[in-house]
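To keep things clear, I will list the structure first and then write my remarks on it.
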Amino acid sequence: MGLEIFSLEGKRALVTGASRGIGAAIAIAFAEAGADVAVSARSESDLDEVAGKARATGHKAVVAPCDVTQRDQVYATVDRAVKELGGIDILVNNAGGSRFMAPLVNTREDGWEKGIRLNLDSVFWFCKAAGQHMLDRGSGSVINIASVAGVRSSPLLSFYGAAKAAVINLTKTLSIEWGESGVRINGIAPGWIKTDLNKALWSDPSTAQGMTNPVPLKRLGEVSDITGAAIFLASDAAAYVTGHTIVVDGGITAGGGTG
């Protein structure tokens, strides 16, 4: 048995939040590994660019714009991916984010609800829609992108940490519910990863130093650090792995650092 167990040749993947950052990198990496992909996010123009890079590998790429906070759009996106790709073998729930920071007592109820809707409800909807398709076929791999905020305290980001902790628990629970069907579900919990969304932080030397200090590996993560874990979980190399969340954080949550 060689490296072919990491191949995604013949697989069909739907990746949310795929217009940039981690989602875009995963979609392109999946195409490079042999998969046809459906890329989803709100920005169609950015998705077109990602899809173009995926098609350059010789594989099919479908652009499927979607606001993941809208349940009907989520179900329509899954239906479209199934129709245009011929099925879904891999689902990556990457869409999410933290749009503000505030102590819990200063967090407005609508802000909490929006954060939960974006980071947790959307995962529930995609898992339910795509999961049923996989269960009917008797195979599939779901990868939920969580965060280290879901495995440790998250001051000023209580809504985000709570949602990501729930995603990790949902991942464990569905692994039990779906295990006998042959559908696997796992997660990835990134630490500080350099993306355009947090560029204002890591591009400033003083801020970047403060972010790096508590990391045992003494660097911030790159999107390529996440794509490797995603390809592993999506591939036959992880055929006996389900219900787990891989923490990719340079060692912060190992207990040696703070911040």
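Worth a mention:
- This ranking places T77, T242 by how few other beta-carbon atoms lie within 10 Å of each, fewest first, which gives T242, T77.
- Segment 9-247 - percent relative contact order, Cα under 8 Å, separation 6 or more: 18
- Counting every other Cβ atom within 10 Å of each residue's Cβ, R99, R12, R219, R80 order from fewest to most as R99, R219, R80, R12.
- Judged by the ratio a/c of the largest to the smallest principal axis of the C-alpha gyration tensor, segment 85-236 counts as oblate, that ratio being 1.5 or greater while a/b is no larger than b/c.
- Other residues lying with their Cβ under 9 Å from the Cβ of G221 contribute a combined charge of -1, Lys and Arg counting +1, Asp and Glu -1.
- In the chain, the calculated helix contribution to ellipticity at 222 nm averages -13000 deg cm²/dmol per residue, counting -39,500 (n - 2.57) for every DSSP H run with n ≥ 4.
- Relative to the current alpha-carbon distance between R42 and S139, full extension at 0.36 nm per residue lengthens the span by 32.1 nm.
- As a ratio to 2.2 N^0.38 Å, the alpha-carbon radius of gyration computed for the chain takes the value 0.96.
- Cβ-based net charge around L157, under 12 Å, with every Lys or Arg adding one and every Asp or Glu removing one: +3
- Segment 1-43 and segment 91-113 have Cα centres separated by 26 Å.
- Other residues with beta-carbon under 11 Å from the beta-carbon of L135 carry, at +1 per Lys or Arg and -1 per Asp or Glu, a net charge of -1.
- By other beta-carbon atoms within 10 Å, ranking M101, M211 with the fewest at the front produces M101, M211.
Read-outs throughout are calculated quantities, based only on the coordinates presented, and are distinct from any laboratory measurement. Quick caveat, the model's predicted, so the values are computed rather than measured. Cβ coordinates were reconstructed from backbone atoms using ideal geometry, including for glycine residues, and neighbour counts include every protein chain displayed.
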